[in-house]
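Step one of this worksheet: look at the structure below.
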Amino acid sequence: MNLLRTTFAAVATTALAASALQAQTTSTTDPVGFMTIATPAGSDTIVAAPLTKPPVFQGAVSSRSNFVITVSPSPGFGDLTTLPHYVQPVSGAQAGFIFDVLTNNSNSITLVDNGVTPTGLDASNTFKVVPYWTLGQIFPAADQNVSFTPSGTSLLNRRTQILTPNVVGTGVNRAPGATYFFATNAADPTNPAVSYWRSTASGATNRDNTAILPDSYFTVRQTTNSGTNLSVTIAGNVNTGAMAVQLDSIGSGANDNYVSLGRPTDITLNDLGLISSGAFLQSANTSLLGRRDTLSVISNSIVGFNKAPSVTYYYVTNSGWKSTATGTNDVGATPIQAAIGYVVRKASNNPSGTVFWTNNITIAP
């Protein structure tokens, strides 16, 4: 089970006006921009948010006690819980890790106890506080019939649906963790009191503030009822620092990890960092029995629902990356497309455990 996820669930950067950081003590220079991702009708499109929301704070920790970090003098933290936020160390051994905010006051933050001691947030270490993207921010009501088609409340009237993977379960080929649709009141379709995102599991509850995980992905399902090809545009900051992704294995069989890097650029297999971080079990040879961990990608260029992976990769010790589509050739220079998610299937491992895949990226100024 993913310990860090038990509570929340063609690119060119284009200069935008810089956003001021709330209580900022250290300025950030991350470039900003946007990406537009096509979501054709009659198909599932895998989307990983390639850009983050601007940090609301970046500075140094003054002290840490268990899962509580304090900054002095007080930076005047605002409300970090009504809309979900996360804390991310900027440097050190835990650079890129994601710790959810549980509560906060003006100068301290209590983190969710996720089973990982936040030693990367010891005194003097630098960190940033970042708001999660939410469902209602990526797909606001004003974007009806642009990025999504609104639905009625009955199953027969469903149009665009957003599916999020089950990141806290175990095993392979798991069903989605949640399915969302935007229910609108025909008499007042932009009124947030009556038109908002709902979950198929929670009736009329407003799910606009559902967090979109920066290290996972979501599926935009444009049903044939949606009627037209749409697209979603995400504008924000490029995370130029490290990104750490949790990968879990179990002892009773293979385990799927539904993940992304949240990067706005294509990255080759060799540059992903899966091997250098030690997070990916290498295979003994190219035979099916010799394979260990695998990385599967679902192509957005293929139209359809519930699509199987279009290609699966694995790494053979002293021989490099291989593809199930190309046999024994070294395919390490193959680019993995930006803004999509993938499945890292961890081989059965006894004892089971958690490893962290760390990726670093360099963005030209």
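The values are calculated or read from the model by the stated rules, or taken from the named source; none is laboratory data. Worth saying up front: this structure is predicted, and the values here are computed from it rather than measured. Here the Cβ positions follow ideal geometry from the backbone for every residue, glycine too, while neighbour counts run over all protein chains shown.
When Thr179 is tested against the conditions (1) within 20 Å of Thr210 (Cβ to Cβ); (2) part of a helix (DSSP H, G or I), the lone failure is (2). In the stretch 31-42, the qualifying residues are those that are over 14 Å from Tyr217 (Cβ atoms) and either hydrophobic (A, V, I, L, M, F, W, C) or buried (at least 21 other Cβ atoms within 10 Å of the Cβ) (or both), and the one that is farthest from the chain's Cα centre (by Cα) is Ala41.
Filtered by the rule that a residue be polar (S, T, N, Q), at pLDDT 95 or above and assigned to a loop (DSSP other than H, G, I, E, B), the stretch 95-116 gives Asn105, Ser106, Asn107. If you filter the stretch 233-254 down to residues that are at pLDDT below 95 and of a type in the set (Ser, Thr, Tyr), you find that the one that is nearest to Pro50 (Cα to Cα) is Thr240.
A single entry from Gly273, Gly262, Gly290 fulfils the requirement of being small (Gly, Ala, Ser), at positive phi and out of contact with any Asp or Glu (no Cβ under 9 Å at 6 or more places or on another chain): Gly273. Within the stretch 52-101, the set of residues being crowded, with 20+ Cβ neighbours inside 10 Å and aromatic (Phe, Trp, Tyr) comprises Phe57, Phe77, Tyr86, Phe97, Phe99. Would you be able to say whether some residue in the stretch 317-336 is at pLDDT 90 or above and under 20 Å from the mean Cα position of the chain (by Cα)? Within the stretch 317-336, one or more residues are at pLDDT 90 or above and under 20 Å from the mean Cα position of the chain (by Cα). Within the stretch 304-341, being exposed (fewer than 12 other Cβ atoms within 10 Å of the Cβ), within 19 Å of Tyr217 (Cβ to Cβ) and of a type in the set (A, V, I, L, M) holds for one residue alone: Ala308. When the stretch 150-163 is filtered for residues that are within 23 Å of the chain's Cα centre (by Cα) and either more than 21 Å from Ile46 (Cα to Cα) or among the polar types (S, T, N, Q) (or both), the ones remaining, listed by number, are Thr160, Gln161.
Scanning the stretch 219-255 for residues that are of a type in the set (Ser, Thr, Tyr) and either within 17 Å of the chain's Cα centre (by Cα) or closer than 30 Å to Leu156 by Cα (or both) turns up Thr219, Thr223, Thr224, Ser226, Thr228, Ser231, Thr233, Thr240.
Quick check on my filter: what residues within the stretch 240-254 are more than 27 Å from Gly33 (Cα to Cα) and in a strand (DSSP E or B)?
Those that are more than 27 Å from Gly33 (Cα to Cα) and in a strand (DSSP E or B): Leu247, Asp248, Ser249.
Of all the numbered requirements in (1) within 19 Å of the chain's Cα centre (by Cα); (2) buried (at least 20 other Cβ atoms within 10 Å of the Cβ); (3) under 19 Å from Asn359 (Cβ atoms), Gly120 misses one, and that requirement is (1). The sole residue among Thr205, Thr184, Thr223, Thr170 that is at pLDDT 90 or above and surrounded by 14 or more Cβ atoms within 10 Å (Cβ to Cβ) is Thr170. The set of residues from the stretch 123-144 being over 16 Å from Tyr217 (Cβ atoms) and either assigned to a loop (DSSP other than H, G, I, E, B) or at pLDDT below 95 (or both) comprises Ala123, Ser124, Asn125, Pro140, Ala141, Ala142, Asp143, Gln144.
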